[in-house]
Amino acid sequence: MKGRDVLILAAVVLIGGFALADSLRSGDSPEPSREAGPTTTEPPTTSTAEAPELGRESFPEVNGAGGSIVLAQAGSCAVREFDLPTGLEFPNVVARSTCQLWAAPVTAKVAVGIGEPVGDAVPFRFINLSHPGRDLGTSEAAFGFLVWSEDGQRAAWCNRRLEGIDFEVGFAKKQLPECPAAYTPEGEVAFAIGARLVVEGRPTVTASGGITKVHYGQDGSVGLVVEGRRLERYARGRLTNALDLPERFQGRPPIFSPDNCSALFRAGERMRYFDLGCSAFGLGGSLWPGHTAAWSPDGTWLALGGSTELTFYELDGDEEVTWPIGAVQITWRRS
């Protein structure tokens, strides 16, 4: 792999995110219908007593918000998933992890950290939360960077030798010519090579500088971080919107909205909302409590995780729901 591309990968990861969070309460509510099974995990690297209600907790339902939330809980680093329309927890949990979590956008598949980094590589294990006893494979992700395909069946990363891997989880691995940057909505692997976004050997976007993060939107748009200091949005290969970041947010990990019209950045224990100029909500410059966040798949809700609470905000209404559980990292899955 070229030195140029190693630098690009490192930048992708610096722009590609971690977080932190905490606690629980009890509940004996019925469980959602996901298939149960024995939970297997690696030995803990974070030692906290297991709460007896793991896998059986319930919280207030989030009316109008579909899908589920997968989170790495602060303190225990347990990986847990909750159904949003009912507030009920799915029964299978990963009781301990290193609080590093890469969850597929759909299906029950996750990758969880299982040990201390080896140099710049983070060890992880693939788990299907519906069948946690099955061994789906382990590896190390260079710089802690891993991406999922939109159908939740494949994951791509670079190992510690900086060899690119495209893995149909639980089945076959394929070597990639470069380290991956993202999957396209069609399931192709995209590569960031300098200022070019390359798919299947063809440039699809040429940015104003070196690309350090790629996000494909639900509407077909592409959101890019350029040189760690500028956000650019493209549609059909053409630049539609751009925003130069204030200096304090340069090099920080953005969380793009599903339409790439806005992005969130961590600012201490709050999240700052940036509008690229096409957001429908007029929230540019807003500050939200929390240190990690996830957008609903349709972009109309925000989930904000803090040390002790997870709060859901309806952006086009006045609904607000708070759960008494902190979150280190969160992913909002589609139904």
Exercise for review: Go through 233-243, 102-112, 56-66 and give me the packing order, highest mean Cβ count within 10 Å leading.
Suggested key: 102-112, 56-66, 233-243
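Which order, highest average first, do 158-167, 288-297 follow once you tally other Cβ atoms within 10 Å for each residue and take the mean per peptide?
288-297, 158-167
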Exercise for review: Could you name the aspartates and glutamates whose alpha carbon sits less than 19 Å from that of Lys173, not counting residues in the same chain fewer than 8 places away?
Suggested key: Asp135, Glu140, Glu150, Asp151, Glu163, Glu186, Glu188, Glu200
Exercise for review: Find the accessible area per residue for the stretch 84-233; the probe is 1.4 Å, ligands and nucleic acids are left out, and the unit is Å².
Suggested key: 36 Å²
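Order the peptides 318-330, 265-277 from the highest to the lowest mean number of other Cβ atoms within 10 Å of their residues. Walk me through the intermediate numbers first.
On the way: 318-330: 19.8, 265-277: 17.8.
Descending mean neighbour count gives 318-330, 265-277.
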Review point. Around Arg272, what is the net charge, scoring Lys/Arg as +1 and Asp/Glu as -1 over all other residues with Cβ under 12 Å from its Cβ?
Key: +2
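The values are calculated or read from the model by the stated rules, or taken from the named source; none is laboratory data. Here the structure is a predicted model, which is why all the values come from computation and not from measurement. Quick reminder, even Gly has a Cβ in these numbers, built from the backbone with ideal geometry, and neighbours come from all protein chains shown. Calculation scope for accessible area: heavy atoms of the full protein, side chains included, ligands and nucleic acids excluded. Shrake-Rupley method; radii C 1.70, N 1.55, O 1.52, S 1.80 Å.
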